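Report on the following structure.
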Amino acid sequence: MGWHEKVLESADRAIAMNAKNVTAHVRRGMALLALGRNEDALEALDRAIWIDWECLDAHRGRSDALLGLGRHAEALSSYGAAFCLDPDNARTQLKLADALFRLERHNEALAAYDRAVELDPEIIRTRHDRTPLIDGDARTQLRRGDALSELGRPDYALAAYGLAVELDPGDALAQLRRGDALSELGRHEEALAAYEEALDIDPGDKSARDRALELAPGTAVAHNIPGYELLELGRHAEALAAYCRVVEIDPNDAWAHAGRAFALFKIGCHEEALAAYDRAISIKPNHAYAHAGRAAALTALGRSAEAEKARRQATGSTAPACAP
């Protein structure tokens, strides 16, 4: 039995002894909410509010349940009740902002975000306090970030894009948008790292390549671009030479080693390709492209069992596999 099931069982026992135990009803509702049983959670929290209308935790939990059920307008009303009970609570303001965003009332949501940050400047940077924002999927967070960016708030947009990346680490667009927000905030080294992550996920992402080149024209990530383009044209020997130059600039560039490996594979140098893929993986263990390429090289060398293991590792990595 898991933790939430134990809490649920304990709350049920407490309610059996005293049907008007508000704390037990709230604990029961929150446990059901954590288990994804939103309808049951709503019923339990409604019961708690019926017993004690001023129970703030019950109103907030009820609002979360309504959000989980897609009943956004009702959730907004419920967060409003929580706000009336405690207007200076930063988490309540943040939840209110989330409901407003889901209803596409962006300017009002931004005002609620501003108030939350005014009350607690760390709230959008602390994972615990951002938990309500994780109710949506990565695409929801991406749309929220785009809306905040359009409203001229790259700082808030960055928090939303960061959540999108946490929810789906293999989303190249989320990494790209995160890089854009960081760049707008003047955090150029972090922006470049985000663009590199986007390129690791999708080597063909022209937007990420262009932005990386603009930020750092003399770095290894910029020099990776000609190698990729030569591979796309099928000019594998020239691509190999280009990637070798990148490795000279930065011996710890995982993408350059993976690109070099791909070029070696395409010209039939399978042993050398395997060694280059191994080097890429030693630098970045979750490099899905390198794991997939390694599987192809092992297959070409007749090492089927090892190739199958490498394919499994590619599938389990954070980025989609796309190798020969």
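The values are calculated or read from the model by the stated rules, or taken from the named source; none is laboratory data. For clarity, every value in this text was computed on a predicted model and none was experimentally measured. Please note: Cβ atoms are built from the backbone with ideal geometry, for glycine as well, and neighbour counts cover all protein chains shown.
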Exercise. Of the residues 31, 44, 24, which single one is of a type in the set (A, V, I, L, M, F, W, C), modelled with pLDDT of 90 or more, under 29 Å from the mean Cα position of the chain (by Cα) and more than 30 Å from residue 106 (Cα to Cα)?
Worked result: 31
Exercise. Somewhere in segment 91-108, is a residue of a type in the set (Asp, Glu), modelled with pLDDT under 85 and out of contact with any strand residue (DSSP E or B) (no Cβ under 7 Å at 6 or more places or on another chain)?
Worked result: yes
Exercise. Mind checking which residues of segment 240-259 are in contact (Cβ under 8 Å) with a residue 24 or more places away in the chain, within 24 Å of residue 193 (Cβ to Cβ) and assigned to a helix (DSSP H, G or I)?
Worked result: 246, 249, 254, 255, 256, 257, 258, 259
Exercise. Of (1) over 18 Å from residue 143 (Cα atoms); (2) small (Gly, Ala, Ser); (3) under 25 Å from the mean Cα position of the chain (by Cα), residue 82 satisfies all except one. Which?
Worked result: (3)
